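**Student:** I have a structure here, written as structure tokens, and I will follow up with some questions on it.
The values are calculated or read from the model by the stated rules, or taken from the named source; none is laboratory data. Bear in mind the structure is a predicted one, so any value in this text is a computation, not a measurement. A quick note on method: Cβ atoms are made from the backbone with ideal geometry, for glycine too, and the neighbour counts reach across all protein chains shown. All accessible areas refer to the heavy atoms of the entire protein, side chains included, with ligands and DNA or RNA removed. Shrake-Rupley method; radii C 1.70, N 1.55, O 1.52, S 1.80 Å.
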Amino acid sequence: MAAKLKKGDTVVVLTGKDKGKQGEITSVNPSANKAVVEGVNIAIRHTKQSASSQGGRIAKAMPIDLSNLAIVDKNGKATRVGFRMEDGKKVRFAKTTGDVI
């Protein structure tokens with residue numbers, strides 16, 4: 001099945017502690033149905049100091065379920081994603097505006 005949300009998409013969080021926040025997807029894990037969004041679902045991770053990095057308390061974006069995310073259209077509103085054929089290619093489009101993503 002084609003991915004409705006991909007790396008680099010700007011999304012808005014629909015539910016949870018970060019409801020309403022927007023960010024860009026940095027990575028997607030389709031098998032776990034989760035994505036990491038920049039600035040959303042932040043957790044503190046305690047890391048040990050090593051030769052290459054400073055140790056301490058580091059804020060890290062944790063994965064969030066894809067069902068809790070919606071892509072943002074050109075108007076800045078949350079929208080669903082649909083698929084259609086254009087010039088023999090399958091493209092994603094925003095359901096609210098009909099624009100190709």
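**Student:** Normalising by the residue count of the chain, find the relative contact order in percent from Cα pairs under 8 Å and 6+ residues apart.
**Tutor:** Details: 183 pairs, mean separation 21.3, N = 101.
In percent, rounded to a whole number, it is 21.
**Student:** Okay, next question. Summarise the accessible area of the chain (1.4 Å probe, protein heavy atoms) by the percent that is carbon and sulfur.
**Tutor:** 50 percent
**Student:** Quick one: Karplus J couplings for region 78-91, per residue in order, coefficients 6.51, -1.76, 1.60, θ = phi - 60°, nearest Hz, x for Gly and Pro?
**Tutor:** 6, 9, 8, 10, x, 10, 8, 9, 9, 6, x, 10, 7, 10
**Student:** Same structure again: Which cross-chain or sequence-distant (5 or more) residues have an amide H under 5 Å from the amide H of Lys34, H modelled 1.01 Å from N in plane?
**Tutor:** Sorted by chain and number, the residues that satisfy this are Asn29, Leu66.
**Student:** Additional query: Averaged per residue, what accessible surface does region 9-67 expose to a 1.4 Å probe, in Å²?
**Tutor:** Heavy-atom SASA per residue in region 9-67 reads 66 Å².
**Student:** Hey, how many Å between the Cα centroid of region 7-44 and the Cα centroid of region 71-100?
**Tutor:** 19 Å
**Student:** If you plug each phi of region 43-49 into the Karplus form 6.51 cos²θ - 1.76 cosθ + 1.60 with θ = phi - 60°, what whole-Hz ³J(HN,Hα) values come out, in order, with x for Gly and Pro?
**Tutor:** So the J values, rounded to whole Hz, are 10, 8, 10, 8, 10, 7, 5.
**Student:** Lys/Arg Cβ at +1, Asp/Glu Cβ at -1, dipole of region 7-72 taken about the Cα centre: which of Leu14, Thr26, Asn41 is farthest positive-ward?
**Tutor:** Comparing the listed Cα positions along the dipole, Asn41 ranks first.
**Student:** Skipping prolines and chain starts, which residues have an amide H placed within reach, meaning under 5 Å, of the one on Ile101, given they are 5 or more residues away or on another chain?
**Tutor:** Arg92, Phe93, Ala94
**Student:** Take the Cα gyration tensor of region 7-72, multiply each eigenvalue by 5, square-root it, and list the three semi-axes largest first, rounded to whole angstrom.
**Tutor:** Details: eigenvalues 127, 32, 21 Å².
Those come to 25, 13, 10 Å.
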